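Participant: This is the structure, below, for whatever I ask next.
Values quoted throughout were computed directly from the atomic coordinates according to the rules given, and no laboratory measurement underlies them. If you're wondering where the values come from, they're calculated on a predicted model, not measured in any experiment. Backbone-built Cβ (ideal geometry, glycine too); neighbour counts: all protein chains shown.
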Ligand code: DP6
């Protein structure tokens, strides 16, 4: 086969994750090192996920990337940081069937084509960078035969988008903040970011009766991106300092315990409290950032009332940098009831401003009839 003709490809799929103890604030903007640990749950891949195909060929004359069919710039910054980290770790690759042999040093001059698709409408206002960067790093690591384990890869995905590091694993995942060192460098070396990585707390089977429903409150692009918002919070919010030092370390321990013990009451209480504190930090930022809207607030009140009327939490809520509600039901039965109640009180396309519901676990579709 002529050298110019061959193409080697890898395709991977990565779901997004939802933080139950939030990451909000960086201590290093380039390396993307957080001010606190965070914990998330990874959704099942049938719903919010990214599929990425990466290809290498001697006939490619530059690195290029397409997102949902549209070419995007790979220019400076986060994409380049990830590509650089991966290329520096690439190993020999041999495909005897196709007669292809790529040596470690070849990866520095070979170019890549990357095509990435989200299986949910980008306009839905749901975070896609977590799944996107995790999938990019994972598929490139396979293509270039990296020897790093998932946690080490997560430290590379982290440089694409902080929350992406947690999508390298299923189940419940902790992003460990790593040592508090401020070494300005774009490379991962001991002590400057290689220990800020994700670890799996429990796999997807551990607590598989939880069901996640996402209420898409608004599909509009958020006014303040997470990156900008957390920068402003770090610069101006005293509450953020208190949260990072005093509150989150204790919550992380309690949340890990709740997850290990399937203790839904503690889990829900911590999840809701942490979401509310994250939004309080946003309010404490100058100028204040408003991610939730009236519908988000009404959903919170509704869930709080329901939980109180039963006497113990049935549903947990959490909101990221936008108005969409992520609702975690303690089991399928509750999830079915929750969906029915939501559809009644917050019907999509009404003046409630609600667009649709996305399910984190497709089995509820059957249960709900
Ligand atoms: C509110 O990971 O999107 O969803 O690191 O700047 O890319 P960058 O930010 P990003 O922030 C996510 C913030 C959050 C909370 C979380 O997922 O922990």
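Participant: Regarding the chain, what whole-number volume in Å³ per residue does the convex hull of its Cα atoms give?
Facilitator: 145 Å³
Participant: Tell me what the chain gives for mean residue ellipticity at 222 nm when only DSSP H runs of n ≥ 4 count, each as -39,500 (n - 2.57), the sum divided by the residue total, rounded to 500 deg cm²/dmol.
Facilitator: Result for the chain, helices only: -10000 deg cm²/dmol.
Participant: Over the stretch 191-294, what number does the Rg to Rh ratio reach, with both radii from the alpha-carbon atoms and Rh per Kirkwood?
Facilitator: Using only Cα positions, Rg/Rh for the stretch 191-294 is 1.00.
Participant: Would you mind ranking 267, 117 so that the residue whose beta carbon has the fewest other beta carbons within 10 Å leads the list?
Facilitator: 117, 267
Participant: At a Förster distance of 41 Å, what's the computed FRET efficiency of residue 305 paired with residue 195, Cβ-Cβ distance as r, to 0.05?
Facilitator: Calculated transfer efficiency: 0.40.
Participant: Can you tell me the length gained on complete extension of the stretch residue 238 to residue 13, counting 0.36 nm per residue apart and subtracting the Cα distance?
Facilitator: Computed gain between residue 238 and residue 13 is 77.1 nm.
Participant: At 0.36 nm per residue, and after removing the present C-alpha to C-alpha distance, how many nm does the segment from residue 142 to residue 273 gain when stretched out fully?
Facilitator: 43.3 nm
Participant: At 1.306 mPa s and 10 °C, plugging the Kirkwood radius over alpha-carbon pairs of the stretch 1-154 into Stokes-Einstein gives what diffusion coefficient in µm²/s?
Facilitator: For the chosen part, D equals 95 µm²/s.
Participant: Further question on the same structure: Using Cβ contacts closer than 10 Å as the measure, can you line up 89, 64 from fewest to most?
Facilitator: By the 10 Å Cβ count, ascending: 64, 89.
Participant: Sorted by mean Cβ packing within 10 Å, highest first, what order do the peptides 228-236, 196-204, 282-290 take?
Facilitator: With the highest mean Cβ count within 10 Å placed first, the list reads 196-204, 228-236, 282-290.
Participant: When N counts the residues of the stretch 1-54, how does its alpha-carbon radius of gyration compare numerically with 2.2 N^0.38 Å, as a ratio?
Facilitator: Against the empirical 2.2 N^0.38 Å value, I get 1.78 for the stretch 1-54.
Participant: Sort 333-346, 128-141 by the packing proxy (mean of other Cβ within 10 Å over each peptide's residues), most packed first.
Facilitator: Highest to lowest by the protection proxy: 128-141, 333-346.
Participant: Let me ask you something else. Pull out the extension gain between residue 290 and residue 340, defined as 0.36 nm times the separation in residues minus the alpha carbon to alpha carbon distance; nm, one decimal.
Facilitator: Between residue 290 and residue 340, full extension yields an extra 15.1 nm.
Participant: Give the calculated FRET efficiency between residue 250 and residue 62 to the nearest 0.05, with a Förster radius of 56 Å applied to their Cβ-Cβ distance.
Facilitator: Once rounded, the FRET efficiency stands at 0.70.
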